[in-house]
Amino acid sequence: MASKRDYYEVLGVENSASAEEIKKAYRKLAMNFHPDRNPDDEEAERRFKEAAEAYEVLSHDEKRRAYDQYGHAGLKGQQGGFSSFEDIFSAFGDIFGGDSIFGELFGNRRRRSGGAAKGTSLRCEIELTYQDAANGVDKTIEIGRREPCDTCDGSGAKPGTQPVTCRTCGGRGEVQQTQGFFAIRTTCPHCRGAGKSIESPCVECRGSGRLPRKREITIHVPAGVEDGTQMRISGEGEPGMQGGPPGDLYCLIHLRPHPFFVRRGDDLVCEVPISFGQAALGSELEVPTLDGRGDLKIPHGTQPGDVLRMKGMGFPHLNGYGRGDQLVRIHIEVPKRLSSEQEELLRKFAKTEEKRVSSRRKSLFDKVKEYFE
Ligand SMILES: [Zn+2]
Ligand SMILES: [Zn+2]
């Protein structure tokens, strides 16, 4: 495989560019290399896809951080670029919602060549627990989509009749309009791009050829998935028009915050309180992990804020081998109440300690003095 260009270079922005600058740069490139302005231009197509891929990463905080830190390798194959224009429009079409030119071009693409077009892509969201995200899970969700009408087999025409060629567009499915600098072909308003019109519509679907249906879809979520990941379930969107392929289902993954853990990359971070005695003398603790309980060794002399690493107890690396770690930040609790025995012992201890503290202070002072001499 050819080596990949730097995403910032692709979009022509600085590494420090703001989200707004990145969006602007992408929008400009997308307009320049838009397939409708560069028909049959392979280089433009390549640039258009490349820009979309760069934008997908740099517009996503978590992916951008991973990319900044580790480059292309940091993305662990969770985005392999886009295979078709439809994917790009499905993923980013909405950010151009307010942009009439892009909107027009986008709208046009869907009904080219006599109405055969990929079906509309659908979106859904799934909320996962940390455990589900770490182990991978099959989630069944219900989606609503329009499916071909059984009565007319999706034709929209009453059984026994046939759709006829549209008189408005002569069967081409589109009409030409001039808008500013562009001669824009738009979908025929009469047949809505189908190129055919229906004289006796099917009663069941009122001529649309489709009926709303609820469908249960099981989504296989891989172990290690991150918050904000968008999964594409190919072919589970709405059916295509005039023999076009079905759209896709885009599923946005949310991770429900965990009461004890915070995820950082594939590591899990948590805070564990221990006593002064445990910190000073060392100890062995049972701490929660994603798999239940785990043993944590506290070395003697552990300091407040020390981070102890439990190897391999984090999230599995997505599409890779191994797992992240669990990082335990130590919080040392100072007792609020002491028994008289404890107080007596602690006072004795403090007396021995006072010597040490004073001698240490002196040496520190000496060092400062040396610095000024
Ligand atoms: Zn029907
Ligand atoms: Zn027409």
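A few comments on the model shown:
- With q set to 0.11, 0.14, 0.15, 0.19 Å⁻¹, the log10 of I(q)/I(0) for region 194-338, from the Debye formula over equal scatterers at the Cα positions, is -0.63, -0.81, -0.88, -1.13.
- Spatially, region 224-245 and region 307-324 are offset by 29 Å when compared through their Cα centroids.
- Reported to the nearest whole Å, the Cα centre-to-centre distance from region 116-177 to region 24-41 is 27.
A short reminder: the numbers here are calculations on the coordinates, not readings from a lab. On a predicted model such as this, the values are computed, not experimentally measured, just so you know.
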